[in-house]
Amino acid sequence: MPRPEHGGPPELYYNERESTKYTNNSRVIDVQFRMSERAMELLSLPSGQPSLILDVGCGSGLSGEIISEMGHFWIGLDISKAMLDVAAWREVNGDLFLQDMGDGIGFRPGTFDGVISISAIQWLCNANKKHHRPAHRLYRFFCSLYIAMARGARAVFQLYPENSEQLELITTAAMKAGFTGGITVDYPNSTRAKKMFLCLFTGQTAAAQLPQGLDTTFSPIANVVQFTNERFEFSGSKNKLAAPAHARKKSRDWILHKKQRRRRQGFEIRADSKYTGRRRKHKF
Amino acid sequence: MRLLTHNMLTSHVKGAESGYPLILEAAEVILRNVDFNPEFIKRMLSKVNWDVLYQTAKAIGHLNDIPEQLQPNVENDEEFLRKAHHVLLEVEVKEGHLICPTSKKKFQISNGIPNMLLGEESSS
């Protein structure tokens with residue numbers, strides 16, 4: 001899939017056509033809902049306490065609905081007029097602002113009890129105008145955000161970084177602004193379900209520990225090499241997962257192996273039966 | 001934009017050190033029913049700058065009898081909380097302007113959404 005950031009500035013990318021997807025396309029809505037729910041979960045707000053939440057890049061207010069459902073009040077920023085018009089038309093409960101987060105946000109110190117942002121922050125890494133400097137804009141955004149957050153509050157940014165440099169650019173700017181925290185990755189072993197969350201804390205408290213990503217069973221500690229008792233057999237092929245050497249292409253073994261591999265990748269595959277890989281009779 | 005939000009807002013124009021409060025000019029105000037949540041209002045009372053709230057509500061003509069000074073021990077006064085709730089969350093500015101007090105930059109509010117975009121000269 002091409003990256004939308006390469007197609008120009010966000011205020012032009014999220015036009016009327018693009019923004020209708022966020023009201024009509026149930027898959028887009030579903031993905032958005034799930035990410036917002038997870039982001040709110042990562043915020044770990046004290047239960048039973050209605051809070052004031054900032055939604056950076058609120059778009060059509062889909063994540064806002066989740067926030068409202070949880071009994072909080074929210075303020076949303078977005079740079080796309082078309083998306084905000086959709087939000088206004090849907091009569092969302094939050095207050096909306098047309099704002100460029102790279103210009104910094106203007107809120108009084110200690111205003112917000114939590115900040116969420118779904119797939120928005122990576123837009124700041126691109127310079128769409130001549131005077132834009134990504135590092136500068138990121139720093140300005142994080143500085144003004146730090147001021148606007150209550151002490152002990154968290155900010156959770158779901159993001160799709162293009163490469164590790166971009167991720168580093170974002171985290172460096174955040175750390176420079178005074179935040180602590182880091183990246184939480186959900187489903188790190190799946191290319192499709194993998195989601196990254198940048199979790200930032202204002203002020204280090206005892207409770208402020210980086211949350212665990214979902215399904216990180218394969219690599220619980222990223223920097224430590226895992227020790228296993230299992231012996232790795234180099235029998236013929238170096239790749240253990242490759243098809244057995246004797247399996248002729250299009251043979252039954254080869255097909256069974258291929259089906260097994262697709263299952264591992266998370267695709268829906270028909271069950272194996274005695275007919276699997278059998279040749280058909282020719283019709284004529 | 002509601003008055004609670006206005007109360008939290010400062011100017012983000014570069015160089016505007018004391019950009020608070022932004023001056024609110026309302027051309028059209030609508031009232032919208034919002035569920036009363038006493039817990040939330042109590043929490044917000046500690047964050048809200050009451051003077052600014054009073055002056056702004058007065059300026060746009062939706063004072064709803066809130067007192068000029070915030071009295072101590074109002075947390076259990078439900079009548080007061082309901083009034084504060086109305087002013088904070090139910091009064092919504094639909095059309096108008098926000099003006100930065102130091103740079104005098106005008107931000108237009110249309111359809112309830114303030115346009116806070118800065119031009120090239122004040123953003124970089």
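The values are calculated or read from the model by the stated rules, or taken from the named source; none is laboratory data. It should be emphasised that the depicted structure is a prediction, and the values quoted were computed from it without experimental measurement. All Cβ positions, even for glycine, are placed from backbone atoms using ideal geometry, and neighbour counts span all protein chains on display.
A few notes on this one:
- Top-ranked residue in the range A:127-179 [being among the polar types (S, T, N, Q) and either closer than 25 Å to A:Gly213 by Cβ or in contact with an Asp or Glu (Cβ under 8 Å, 6 or more places away or on another chain) (or both); ranked as surrounded by the most Cβ atoms within 10 Å (Cβ to Cβ)]: A:Gln158
- Of all residues in the range B:72-124, those satisfying the criterion of being more than 12 Å from chain A (Cβ to nearest Cβ) and more than 20 Å from the chain's Cα centre (by Cα) are B:Pro72, B:Asn73, B:Val74, B:Glu75, B:Asn76, B:Asp77, B:Glu78, B:Glu79.
- Test for A:Gly48: is it of a type in the set (Gly, Ala, Ser), at pLDDT 90 or above and under 27 Å from B:Leu45 (Cβ atoms): no
- Residue in the range A:71-82 that is among the acidic types (Asp, Glu) and crowded, with 19+ Cβ neighbours inside 10 Å present: yes
- Counting only residues that are of a type in the set (A, V, I, L, M, F, W, C) and outside any helix (DSSP H, G or I), the range A:107-155 holds 11 of them.
- Taking the criterion of being in contact with a strand residue (DSSP E or B) (Cβ under 9 Å, 6 or more places away or on another chain) and of a type in the set (Ser, Thr, Tyr), the residues of the range A:161-191 that qualify are A:Thr171, A:Thr180, A:Thr184, A:Tyr187.
- The residue of the range A:79-92 that is nearest to the other protein chains (Cβ to nearest Cβ), among those that are in contact (Cβ under 8 Å) with a residue 60 or more places away in the chain and in contact with a helix residue (DSSP H, G or I) (Cβ under 6 Å, 6 or more places away or on another chain), is A:Ile79.
- Matching residues in the range B:28-53 - criterion: being of a type outside the set (D, E, K, R), within 12 Å of another protein chain (Cβ to nearest Cβ) and surrounded by 15 or more Cβ atoms within 10 Å (Cβ to Cβ): B:Val34, B:Asn37, B:Pro38, B:Phe40, B:Ile41, B:Met44, B:Val48, B:Asn49, B:Val52
- Of A:Ile67, A:Ile75, all but one fail to be within 22 Å of B:His6 (Cα to Cα), more than 12 Å from chain B (Cβ to nearest Cβ) and among the hydrophobic types (A, V, I, L, M, F, W, C); the exception is A:Ile67.
- 2 or more residues at pLDDT 90 or above, in contact with a Cys (Cβ under 9 Å, 6 or more places away or on another chain) and not charged (D, E, K, R): qualifying helices (runs of 4 or more DSSP H) within the range B:33-120: none
- Within the range A:143-188, considering residues that are free of Cβ contacts under 8 Å to residues at least 12 places away in the same chain and of a type in the set (D, E, K, R), the one farthest from A:Ser36 (Cα to Cα): A:Glu165
- The listed residues are B:Glu92, B:Glu79, and the only one of them that is out of contact with any Phe, Trp or Tyr (no Cβ under 7 Å at 6 or more places or on another chain) and surrounded by fewer than 17 Cβ atoms within 10 Å (Cβ to Cβ) turns out to be B:Glu79.
- Total residues in the range B:1-27, condition touching a strand residue (DSSP E or B) at 6+ places or on another chain (Cβ under 6 Å), of a type in the set (Gly, Ala, Ser) and either assigned to a helix (DSSP H, G or I) or facing chain A (nearest Cβ under 8 Å) (or both): 0
- When residues of the range A:93-111 are limited to those that are more than 7 Å from every other protein chain (Cβ to nearest Cβ) and buried (at least 22 other Cβ atoms within 10 Å of the Cβ), the one farthest from A:Met40 (Cα to Cα): A:Gly102
- Given (1) at pLDDT 85 or above; (2) exposed (fewer than 10 other Cβ atoms within 10 Å of the Cβ), index of the condition A:Thr191 fails: (1)
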